């Protein structure tokens with residue numbers, strides 16, 4: 001079980017109250033976590049990653065265990081603390097705009 | 001008695017306002033989709049409780065929302081807007097080729113006959129259509145692939161397809177407008193398109209009478225006369241009496257002919273409305289006075305209406321999607337401002353009352369008459 005934290009706007013969009021958890025089959029990677037998240041909440045498709053290229057949207061960042069994983073390979077293993085559910089995988093909206 | 005429902009899109013959410021046919025007391029609900037830009041909300045003409053909303057954000061991209069109960073509840077539907085085939089390039093602001101990139105939907109135009117069919121105008125300019133209530137969207141690529149496409153250039157607000165007019169007498173005919181490419185018309189249901197900009201003159205482009213490249217801000221028609229079109233161009237108010245084959249200027253005695261919206265009275269096809277704005281470098285009314293101008297002769301002769309509108313220190317703008325009319329008698333006219341006011345006139349523009357004063361900047365106003 002992997003814990004995911006979402007920006008408030010996406011929690012509202014997906015009608016999420018409380019914690020978000022997803023199960024992934026195989027290795028826990030950013031791609032497998034996001035695939036599982038979008039499968040469970042289809043309305044989030046396109047809001048975090050591009051529909052076609054699956055690239056991170058420009059003003060979205062991915063953090064975990066006090067590390068910025070935004071530019072890491074989406075297929076690299078996530079830290080063990082995230083994979084085990086001890087630490088959350090953070091999806092962040094950049095502090096910009098008005 | 002009839003009921004009125006106004007659908008207002010703002011920079012930070014959507015608001016729904018309802019009134020009875022007197023249009024004096026309004027109930028306001030919202031913000032819906034708080035914090036998101038709502039470029040447009042529009043209802044189906046054949047099922048007024050079926051609403052579609054374009055919800056977007058610089059962070060999270062495009063979402064389309066649908067309501068089946070007049071806006072009480074909403075569900076996110078499909079948001080996969082993908083250009084059909086190779087995207088090619090248009091011109092960037094500096095004149096260099098720039099690949100087409102999808103940014104947002106500016107305008108949603110529900111079919112006149114089917115509540116599940118909607119046309120959507122996008123930035124970068126393209127026309128999309130759903131036939132399953134918004135679950136999936138397909139581009140009508142003939143427009144973007146027009147031979148002039150590589151020469152299209154964005155206006156200051158982006159290269160948006162902002163106006164879609166469906167001919168009520170001929171469902172194969174539609175008009176669209178793009179800033180800053182101009183007007184295009186299809187006569188075959190959207191497969192092929194022709195630029196329809198003869199008679200337009202834009203001093204800010206290298207060839208002022210070019211076939212494409214005009215910054216058309218809005219076009220409007222009356223349902224009873226779909227061959228007569230009215231246009232607010234960047235500068236100039238124009239009309240066409242031959243289904244956009246040619247245009248003539250009808251700015252007449254307007255104090256300035258720059259502006260964004262234009263609309264037509266619901267029962268008088270020659271009565272039209274504009275909100276003159278000082279200039280393209282000063283996006284606010286002249287002299288700090290917010291005035292709606294009405295012509296009862298299809299242009300040229302214009303009369304200012306100020307009753308109920310601020311006549312000092314007013315420096316708001318009225319954007320292209322932010323004016324509409326209702327079909328009651330007398331005709332109601334509505335507009336929203338970048339200062340967050342939505343004004344209503346229940347007497348065809350003679351006098352105005354604010355429905356609300358302090359919303360986020362208003363991007364769009366649509367109104368429905370409910371049984």
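The values are calculated or read from the model by the stated rules, or taken from the named source; none is laboratory data. Note that this is a predicted model, so its numbers are computed, not measured. We place every Cβ from the backbone using ideal geometry, glycine too, and count neighbours over all the protein chains shown.
For the range A:81-98, filtered to residues that are closer than 20 Å to residue A:3 by Cβ and within 13 Å of chain B (Cβ to nearest Cβ), the residue that is surrounded by the fewest Cβ atoms within 10 Å (Cβ to Cβ) is A:92.
Residues in the range B:192-204 that are assigned to a loop (DSSP other than H, G, I, E, B) and crowded, with 16+ Cβ neighbours inside 10 Å: B:193, B:196, B:197, B:199, B:200, B:201, B:202. What number of residues within the range A:5-34 satisfy the criterion of being without any contact (Cβ under 8 Å) to a residue 12 or more places away in the chain and more than 12 Å from chain B (Cβ to nearest Cβ)? Result for the range A:5-34: 5.
Check whether at least one residue in the range B:226-249 is surrounded by fewer than 14 Cβ atoms within 10 Å (Cβ to Cβ), part of a strand (DSSP E or B) and at pLDDT 95 or above, and report yes or no.
yes
Residue B:94 meets the stated requirement of being surrounded by fewer than 21 Cβ atoms within 10 Å (Cβ to Cβ) and more than 24 Å from the chain's Cα centre (by Cα). For the range B:65-85, residues that are within 13 Å of chain A (Cβ to nearest Cβ), part of a loop (DSSP other than H, G, I, E, B) and touching a strand residue (DSSP E or B) at 6+ places or on another chain (Cβ under 8 Å) total 9.
If you check residue B:41 against the conditions, is it more than 22 Å from residue B:154 (Cα to Cα) and touching a helix residue (DSSP H, G or I) at 6+ places or on another chain (Cβ under 7 Å)? Against the criterion (more than 22 Å from residue B:154 (Cα to Cα) and touching a helix residue (DSSP H, G or I) at 6+ places or on another chain (Cβ under 7 Å)), residue B:41 does not qualify. Here the condition is being modelled with pLDDT of 95 or more and over 10 Å from the mean Cα position of the chain (by Cα); of A:32, A:39, A:96, it holds for A:39 alone. With the condition kept exactly as written, say whether any residue in the range B:133-155 is over 18 Å from residue B:107 (Cβ atoms) and under 20 Å from the mean Cα position of the chain (by Cα). Yes, because at least one residue in the range B:133-155 is over 18 Å from residue B:107 (Cβ atoms) and under 20 Å from the mean Cα position of the chain (by Cα).
With respect to the conditions (1) buried (at least 22 other Cβ atoms within 10 Å of the Cβ); (2) without any contact (Cβ under 8 Å) to a residue 40 or more places away in the chain; (3) more than 21 Å from residue B:163 (Cβ to Cβ), residue B:302 lacks only one, and its number is (2).
Taken over the range A:35-49, the criterion of being surrounded by 16 or more Cβ atoms within 10 Å (Cβ to Cβ) and either part of a loop (DSSP other than H, G, I, E, B) or more than 14 Å from chain B (Cβ to nearest Cβ) (or both) is satisfied by A:35, A:36, A:41, A:45, A:46, A:47, A:48.
Quick one: in the range A:58-80, of everything that is more than 12 Å from the chain's Cα centre (by Cα), surrounded by 13 or more Cβ atoms within 10 Å (Cβ to Cβ) and not in a strand (DSSP E or B), which residue is nearest to the other protein chains (Cβ to nearest Cβ)? The residue in question is A:59. The set of residues in the range B:31-64 being closer than 29 Å to residue A:6 by Cα and away from chain A (no Cβ under 14 Å) consists of B:39, B:40, B:41, B:51, B:52. There is no residue in the range B:143-162 that is outside any strand (DSSP E or B) and under 13 Å from residue B:243 (Cβ atoms).
If the condition is being assigned to a loop (DSSP other than H, G, I, E, B) and in contact with a strand residue (DSSP E or B) (Cβ under 9 Å, 6 or more places away or on another chain), then the range B:268-281 contributes B:268, B:269, B:270, B:271, B:275, B:276, B:278, B:279, B:280. Exactly one residue among B:359, B:363 is in contact with a strand residue (DSSP E or B) (Cβ under 7 Å, 6 or more places away or on another chain) and assigned to a loop (DSSP other than H, G, I, E, B), and that residue is B:359.
Among the residues of the range B:174-191, write down those that are assigned to a loop (DSSP other than H, G, I, E, B) and surrounded by 15 or more Cβ atoms within 10 Å (Cβ to Cβ).
Listed by number, the residues that qualify are B:179, B:180, B:181, B:187, B:190.
Out of B:356, B:325, B:365, one residue alone is crowded, with 16+ Cβ neighbours inside 10 Å and either over 27 Å from residue B:235 (Cβ atoms) or without any contact (Cβ under 8 Å) to a residue 40 or more places away in the chain (or both). It is B:356. All of A:82, A:52 fail the test of being without any contact (Cβ under 8 Å) to a residue 12 or more places away in the chain and closer than 23 Å to residue B:60 by Cβ, apart from A:52.
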